[in-house]
1. Would you be able to say whether some residue in the range 107-114 is over 26 Å from residue 87 (Cα atoms) and either aliphatic (A, V, I, L, M) or in contact with an Asp or Glu (Cβ under 7 Å, 6 or more places away or on another chain) (or both)?
2. Kindly provide the set of residues from the range 28-42 that are part of a helix (DSSP H, G or I) and crowded, with 16+ Cβ neighbours inside 10 Å, ordered by number.
3. Test residue 123 against the criterion of being surrounded by fewer than 20 Cβ atoms within 10 Å (Cβ to Cβ) and farther than 28 Å from residue 60 by Cα, and give yes or no.
4. Considering only the range 138-152, how many residues are surrounded by 14 or more Cβ atoms within 10 Å (Cβ to Cβ) and either over 21 Å from the mean Cα position of the chain (by Cα) or over 24 Å from residue 190 (Cβ atoms) (or both)?
5. Could you grab me the full set of residues in the range 1-27 that are farther than 19 Å from residue 80 by Cβ, not in a helix (DSSP H, G or I) and not hydroxyl-bearing (Ser, Thr, Tyr)?
Amino acid sequence: MSSIDKATETQLKNIQTKTGKTLSELREIVVQSGLSKHSEIRDMLKEKFGLGFGDANTLAHFTRQPAAAETQSSPPSSDAILDGIYTGPKAALRPIHDKLMAAINTFGAFEIAPKKGYVSLRRKKQFTMIGPATNSRVEVGLNMKGLEATDRLVAMPSGSMCQYTVKLTEPDQVDEELIGWIKIAYESAG
């Protein structure tokens, strides 16, 4: 089981503790709500149970999967989610993602919230986004303040989802400098 799978499994266990409901009960609540759109389910779970965005998002992903997945007591495989993000021409970019995650996993606890085309990494708030921006490039979005932008660490316009972005085309570009920036973002998130 990958570290992403373990993190998601732990997150689902924590959600059950927070809500006082089993995954079966949570799935039934979603079914009974009559909602079908992911965003509507996520927002309902946030409101009904006071869950944060990441927990509600993961739970919405889980409850929308076929019930057979529940008998395994685990969410959809994170590898399967990543396979969906890094598919076709973007599949060659997966080693960049894997090398980033291997380094980030050494920082400590954080939440992984898969999105449609990227993965959001969160503590109290999102600190990093990782995903293929094109068929030949992975972008790492960083939420942190106070660093001087460089040719590599590009400042984003005010109001963007991240304050900085770094573009990667090769696994070798996952170096000490980049990991240092991600660590700063990680520490500032909580």
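Any read-out appearing in this document is the output of simple, stated calculations on the displayed coordinates, not a laboratory observation. Because the structure is a prediction, the values reported are computed rather than measured. Cβ atoms come from the backbone with ideal geometry, glycine included; neighbour counts cover every protein chain shown.
1. Yes, because at least one residue in the range 107-114 is over 26 Å from residue 87 (Cα atoms) and either aliphatic (A, V, I, L, M) or in contact with an Asp or Glu (Cβ under 7 Å, 6 or more places away or on another chain) (or both).
2. Those that are part of a helix (DSSP H, G or I) and crowded, with 16+ Cβ neighbours inside 10 Å: 29, 30, 41, 42.
3. It is false that residue 123 is surrounded by fewer than 20 Cβ atoms within 10 Å (Cβ to Cβ) and farther than 28 Å from residue 60 by Cα.
4. Looking only at that region, the number is 3.
5. Residues satisfying the conditions are 20, 21.
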